[in-house]
Amino acid sequence: MNHFPHGWGRPRDDIYGPYDHTYLSHSQSSGPNQHTQQPAVTGTSVLAAKFKDGVVIAADNLASYGSLARFTDVKRLHKFGEHAILGIGGDVSDMQYISRILNELDIDENYGSTGNTLNAKNLHTYLSKVMYARRTKINPLWNAILVAGLDGVGRPFLSSVDLLGTTFSSPTLATGYGSYLAQPLLRKLAETEDEVANVTREKAEKAVREALKVLFYRDARSLDRFSIAVVTKQGIELMEDEQLEGQSWAFADRIKGYGTQVN
Amino acid sequence: MAFIHPSSLLPSSNPSYSFREGIKSSAPGIQEHRFSPYADNGGSTLGIAGKDFTIIAGDTRQSSGYSINTRYAPKVFRIGGDDDSGTGAKIILAVTGFAADGNALKERLDSMVKMYKYQHGKDISVKACAQRLATILYSKRFFPYYTQAILGGIDEEGVGALYSYDYVGSYEREQCRAVGAAASLIMPFLDNQVNLKNQYVPGSGVGHDLKAKAAEPLEQSHVEQLVRDAFSGAVERHIEVGDGLQMLIATKDGIREIYTPLKRD
Amino acid sequence: MANPMSIIGKNAVAIACDLRLGLQALTVSNDFPKIFQYGPDVFLGLTGLATDVQTVSDLFRYKVNLYRLREERDISPQTMANLVSTSLYEKRFGPFFVNPVVAGINRTTGEPFICGFDSIGCIDFAKDFIVSGTSADQLFGTCEALWQPDLEAEDLFETISQALLSAVDRDALAGWGAHVYIVEKDKVTKRLLKGRQD
């Protein structure tokens, strides 16, 4: 009889031999568990604005590795069901993980008998809990995410969640550099939730495209090729290979080496 | 408290430092880059208990550093309502500090209050709910919810009840309490106007013989005005407070909400 | 060390301070006034490092005396403010650790005047009130809520007293009684407030 409670219920060493700790997954690499402490390949800002019948959301197609423009055709807007779409900034591998778990969720939901797909509001609630749970494990998904679409009763919905699980919503939203450069421009569309009723799709889309252009001028980790989506009751219109129109580099006319003046 | 780790994360997500903590510099030569699970989202709340009512109020700005995340993110919640909108709720919770922890705490307490009703067939008392909230906070003693909570409602005698908490669950029943970014601005005003501190009965004596005014229960309309005054003062002098004022008033008839705009600068 | 504050009223100003002197949490003295007079109606409040409070108050006594001898008139609060500002900025790279407050009434115009400074002389002109010291946050709260324009002298006294006492009662590093000066045209009233002794 082993008199030490530590040994009770465990395989007996004299019969099975001492426990082989190498079977524990975390001890395969020597040292402690490694968690994401900083992002590697990253996407920059995501912008979005509500209008009276829906939401516009946009993000450029660049994935940077530090200051290197590493991948120039990465799609950072992800559709979910018929009336929801999310734009993801931050770590790209974490983005792809999020995209995968949401696809699995979507497939699971479609097996249900009611035929109800999750709306944008449900998606945001789910995502915020995933993000908060991961930050609580000190193993965050290093992203800032905007969820756009329609809520349960068909009203425009726009909300955000970040790597800490912090959530907030507003008539217009922008992550990353966009929160400094684009959000002040977008706020002119609608300062309050009531003013959203006066915003048309055309006005919202134009404002988002203009804000994206300002970001391209001043955010060094941005690109002039982008994706933009419009969600309304009719569904999601997603354009994934847009080009910024009407750039003006007049403010940089004495600066050589980039923009239109190469030499 | 020493939870906040200022760290510049990536260009596209905000560094989550707190004004209160300032920026701590690490050892010279070595720059350690670490994930901090906390942020300070600013804002202030306050609560005042009356004879047959309790008012809990909070501003609706949510900020991070110098950026305003949104002008409308409620910090004051109905607890134990019948549906999403909180109808039928009798208890009010307000949380400042880290917004994500605040929401998590709210949802935990809300579901706990609902479970109580399903299991016992009656509403939980404010006193029991207050004790339970302390237990929830203490259960995370070594990885705390970075939130300062106040809880209010009507007690079993029909009197306004208000409880305030620290991060790890030590709590106390009080008449009034200001919490959050502008607590230091609002609390002395409340001492003076609710508990009538430093106020004396005129002509009741000279020097040491002066009689202190006794604090008496205030009228609800008077308390509402005090709350508005407290917040319009705080808005002037604290950058993290503003945008909107949300007041939840618990009486025997349930909870009523008043929203008034505050300065947005 | 705690707080002088000054507020403005109708043809009057008030300036007040608590009386505590402390070494962090240890109270050293409970009779340490921080308001100094530099003319019939010019006052200076000083918070900060006690040795600098005394040095700076003496320095201004010397400077204001020389001013009076040279000009053969009393210094106005506006001139006092500029004197404080330039004197502090002279020590830009080795400053006195004080946050001064000036309050007074201008003899020529009859207008009340208040202003505050940082430790290197940046002037903060205010139309309502100036606060300084360890309980600055609390004082901002109480003043912002209690102050209103055009207070008469007696109301001004009540307002500044309630604002100061309530504020220092929420600051462990301040309190232990207070001095209040009400400055009107041709009249100065000084009152001692008892306050909590804990």
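The values are calculated or read from the model by the stated rules, or taken from the named source; none is laboratory data. In this text, all values refer to a predicted model and were calculated from it rather than measured experimentally. Glycine also receives a Cβ, built like all others from the backbone with ideal geometry; neighbour counts cover every protein chain displayed. Surface accessibility is based on the protein's heavy atoms, side chains included, excluding ligands, DNA and RNA. Shrake-Rupley method; radii C 1.70, N 1.55, O 1.52, S 1.80 Å.
Observations
- Any hit, region B:74-85, residues being touching a residue at least 40 places away in the same chain (Cβ under 8 Å) and within 12 Å of chain A (Cβ to nearest Cβ): yes
- In region A:179-217, the residues that are within 30 Å of B:Tyr145 (Cβ to Cβ) and open to solvent by less than 50 Å² (accessible area, probe 1.4 Å): A:Ser179, A:Gln183
For (1) in contact with a helix residue (DSSP H, G or I) (Cβ under 8 Å, 6 or more places away or on another chain); (2) of a type in the set (S, T, N, Q), each residue gets a yes or a no:
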site: C:Leu23; (1), (2): no, no
site: C:Phe32; (1), (2): yes, no
site: C:Leu46; (1), (2): yes, no
site: C:Val53; (1), (2): no, no
site: C:Ser57; (1), (2): no, yes
site: C:Asp74; (1), (2): yes, no
site: C:Thr79; (1), (2): yes, yes
site: C:Leu83; (1), (2): yes, no
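- Test: residue in region B:192-205 that is buried (at least 19 other Cβ atoms within 10 Å of the Cβ), more than 18 Å from B:Arg71 (Cα to Cα) and of a type outside the set (S, T, N, Q): yes
- Scanning region C:13-30 for residues that are surrounded by fewer than 24 Cβ atoms within 10 Å (Cβ to Cβ) and in contact (Cβ under 8 Å) with a residue 40 or more places away in the chain yields C:Leu19, C:Gly22, C:Gln24, C:Ala25, C:Thr27, C:Asn30.
- Given (1) under 13 Å from A:Leu141 (Cα atoms); (2) assigned to a loop (DSSP other than H, G, I, E, B); (3) not small (Gly, Ala, Ser), number of the condition A:Ile101 does not satisfy: (2)
- Odd one out for C:Arg170 among (1) charged (D, E, K, R); (2) surrounded by 22 or more Cβ atoms within 10 Å (Cβ to Cβ); (3) away from chain B (no Cβ under 11 Å): (3)
- Which listed residue is over 17 Å from the mean Cα position of the chain (by Cα) and of a type outside the set (Asp, Glu), from B:Ala214, B:Ala181, B:Ala161, B:Ala234: B:Ala214
- Whichever residue in region A:153-166 is more than 7 Å from chain B (Cβ to nearest Cβ) and within 16 Å of the chain's Cα centre (by Cα) and, among such residues, is most open to solvent (accessible area, probe 1.4 Å): A:Phe157
- Any hit, region C:47-62, residues being in a strand (DSSP E or B), open to solvent by 10 Å² or more (accessible area, probe 1.4 Å) and touching a Leu at 6+ places or on another chain (Cβ under 9 Å): no
- Pick from region B:32-59, criterion charged (D, E, K, R) and crowded, with 24+ Cβ neighbours inside 10 Å, ranking: nearest to A:Trp142 (Cα to Cα): B:Asp40
- Residue match in region B:60-67 (condition: in contact with a strand residue (DSSP E or B) (Cβ under 8 Å, 6 or more places away or on another chain), more than 14 Å from B:Ile150 (Cα to Cα), among the basic types (Lys, Arg) and buried (at least 24 other Cβ atoms within 10 Å of the Cβ)): yes
Here's the yes/no breakdown for (1) surrounded by 11 or more Cβ atoms within 10 Å (Cβ to Cβ); (2) over 17 Å from the mean Cα position of the chain (by Cα); (3) modelled with pLDDT of 80 or more; (4) closer than 30 Å to A:Asp241 by Cα:
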{"site": "A:Met1", "(1), (2), (3), (4)": "no, yes, no, no"}
{"site": "A:Gly17", "(1), (2), (3), (4)": "no, yes, yes, no"}
{"site": "A:Phe51", "(1), (2), (3), (4)": "yes, yes, yes, yes"}
{"site": "A:Glu82", "(1), (2), (3), (4)": "yes, yes, yes, yes"}
{"site": "A:Met95", "(1), (2), (3), (4)": "yes, no, yes, yes"}
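- Looking across region A:189-218, the residues that are over 14 Å from A:Val56 (Cβ atoms) and over 18 Å from the mean Cα position of the chain (by Cα) come down to A:Glu191, A:Thr192, A:Glu193, A:Asp194, A:Glu195, A:Ala197, A:Asn198, A:Lys213, A:Val214, A:Phe216, A:Tyr217, A:Arg218.
- Number of the condition not met by B:Ala130 [criteria: (1) under 30 Å from C:Thr159 (Cα atoms); (2) surrounded by 24 or more Cβ atoms within 10 Å (Cβ to Cβ)]: (1)
- Residue list for region A:176-185, restricted to those being over 24 Å from A:Asp53 (Cβ atoms) and either at the interface with chain B (Cβ under 8 Å from one of its Cβ atoms) or touching a residue at least 24 places away in the same chain (Cβ under 8 Å) (or both): A:Gly176, A:Tyr177, A:Ser179, A:Tyr180, A:Leu181
A quick yes/no check of all residues on (1) touching a strand residue (DSSP E or B) at 6+ places or on another chain (Cβ under 6 Å); (2) at the interface with chain C (Cβ under 9 Å from one of its Cβ atoms):
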residue: B:Cys176; (1), (2): yes, no
residue: B:Ser184; (1), (2): no, yes
residue: B:Lys197; (1), (2): no, yes
residue: B:Ala214; (1), (2): no, no
residue: B:Glu219; (1), (2): no, no
residue: B:Ile239; (1), (2): no, no
residue: B:Thr251; (1), (2): no, no
residue: B:Tyr259; (1), (2): yes, no
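- Matching strands (runs of 3 or more DSSP E) fully within region C:101-166 where at least 3 residues are in contact with a Cys (Cβ under 7 Å, 6 or more places away or on another chain) and closer than 20 Å to C:Val42 by Cβ: C:123-125, C:129-131
- Comparison of B:Ala94, B:Ala134, B:Ala104 shows that the only residue that is touching a Ser or Thr at 6+ places or on another chain (Cβ under 9 Å), under 19 Å from A:Ser128 (Cβ atoms), touching a residue at least 24 places away in the same chain (Cβ under 8 Å) and not aromatic (Phe, Trp, Tyr) is B:Ala104.
- For C:Val98, the conditions (1) open to solvent by less than 10 Å² (accessible area, probe 1.4 Å); (2) more than 19 Å from C:Cys17 (Cβ to Cβ) are fulfilled apart from (2).
- Of all residues in region A:187-223, those satisfying the criterion of being under 23 Å from A:Asp241 (Cα atoms), out of contact with any helix residue (DSSP H, G or I) (no Cβ under 8 Å at 6 or more places or on another chain) and of a type in the set (Asp, Glu) are A:Glu202, A:Glu205.
- Of all residues in region A:121-140, those satisfying the criterion of being open to solvent by less than 40 Å² (accessible area, probe 1.4 Å) and in contact (Cβ under 8 Å) with a residue 60 or more places away in the chain are A:Asn139, A:Pro140.
- Scanning region C:31-46 for residues that are under 14 Å from C:Val131 (Cα atoms) and open to solvent by 10 Å² or more (accessible area, probe 1.4 Å) gives a single hit, C:Ile35.
- Only residues that are assigned to a helix (DSSP H, G or I) and open to solvent by 50 Å² or more (accessible area, probe 1.4 Å) were counted in region B:87-102, giving 0.
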